[in-house]
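Structure first, commentary second.
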Amino acid sequence: MIRHIVFFTVKEARDYERVYEGLCVLKTNPHAAHIEIGKNLKTDAISNETVDFVVYGEFENKAALDAYKAHETYQQSIDIVRPLRELRIAADFEAE
């Protein structure tokens, strides 16, 4: 199983809900075994840097992750979110 985690920050506070809605489009993508979109609670007192949103997905294999990224909903989400986001950090790893 591959776990896919992406962190986002929003450029302007006024776009917070629009970015969240754009990320939620990903929940309609049929290629994820599991997907969650979360708003960061920002409760970590140690970190000075915080993110606004986390996308967490689980995929059966790399082919499923590739199909997820090739699906039209992935591009729809990008079209909404990319112009409004400041930071995007992604990581994929194989679950043990």
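Read-outs: derived from the displayed coordinates by stated rules, not from any lab. What you are looking at is a predicted structure, and each value in this text was computed from that prediction instead of being measured. Here the Cβ is made from the backbone with ideal geometry for all residues, glycine too, and neighbour counts use every protein chain on show.
A few comments on the model shown:
- Lone unmet requirement of (1) part of a strand (DSSP E or B); (2) over 12 Å from the mean Cα position of the chain (by Cα) for Asp15: (1)
- Annotation note: of Glu60, Glu36, the sole residue that is of a type in the set (D, E, K, R) and either within 23 Å of Val10 (Cα to Cα) or touching a strand residue (DSSP E or B) at 6+ places or on another chain (Cβ under 6 Å) (or both) is Glu36.
- Annotation for region 47-64: no member residue is surrounded by fewer than 11 Cβ atoms within 10 Å (Cβ to Cβ), within 24 Å of Tyr16 (Cα to Cα), in contact (Cβ under 8 Å) with a residue 60 or more places away in the chain and small (Gly, Ala, Ser).
- Positions within region 1-28 being of a type outside the set (Lys, Arg), more than 18 Å from Ile89 (Cβ to Cβ) and out of contact with any strand residue (DSSP E or B) (no Cβ under 7 Å at 6 or more places or on another chain), in sequence order: Glu12, Ala13, Asp15, Glu17, Glu21, Val25, Thr28
- Options Ile35, Ile80: the member that is in contact with a helix residue (DSSP H, G or I) (Cβ under 7 Å, 6 or more places away or on another chain), among the hydrophobic types (A, V, I, L, M, F, W, C) and closer than 17 Å to Met1 by Cβ: Ile35
- Residues that are at negative phi, assigned to a loop (DSSP other than H, G, I, E, B) and of a type in the set (D, E, K, R) within region 18-50 comprise Asp44, Glu49, listed in sequence order.
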